[in-house]
């Protein structure tokens, strides 16, 4: 897995969301697969003024503590910063400007490469001098390259 560090400006995202934990996602009551179904059924790009609608964000935010606590996941798109909060069925969140460590996954089946990447990320930060800020992390998918068997994504982890 390839990594690099970058600075990103604040962005505003709107989409569908759920509150969960990694422990719940490892068990039988997983919420994230249903959230993805809700996202695909929402037709958000035809209902909200999105920017770069081919880019899909899976944001992890509002962390209770760290990777072991509860967090909110929002799946959606970037919108202009003046988009109203919680308009209709979509939730809007501002991701603060930050320094990010970016992890680029291998190519492969989407659920496999994402799960493997998060395992690598958690292991990396147990040993790393880099410190996570838990202010907003996200997976970035490019819908123009949407072969689910050969998915490659970037995961942005906010760091100090």
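For residues in segment 144-160 being outside any loop (DSSP other than H, G, I, E, B) and out of contact with any strand residue (DSSP E or B) (no Cβ under 6 Å at 6 or more places or on another chain), which is nearest to residue 69 (Cα to Cα)? Among those residues, the one meeting the criterion is 151. Only residues that are closer than 27 Å to residue 41 by Cβ and in a strand (DSSP E or B) were counted across segment 105-143, and they come to 7.
Considering 46, 42, the condition of being loosely packed, with under 12 Cβ neighbours inside 10 Å and at pLDDT below 95 is satisfied by 46 alone. When restricted to residues that are free of Cβ contacts under 8 Å to residues at least 60 places away in the same chain and either within 15 Å of the chain's Cα centre (by Cα) or at positive phi (or both), segment 14-33 contains 9.
The values are calculated or read from the model by the stated rules, or taken from the named source; none is laboratory data. None of these values were measured; they are calculated from a predicted model. When we count neighbours, we look across all protein chains shown, and the Cβ atoms used for this are built from the backbone with ideal geometry, even at glycine.
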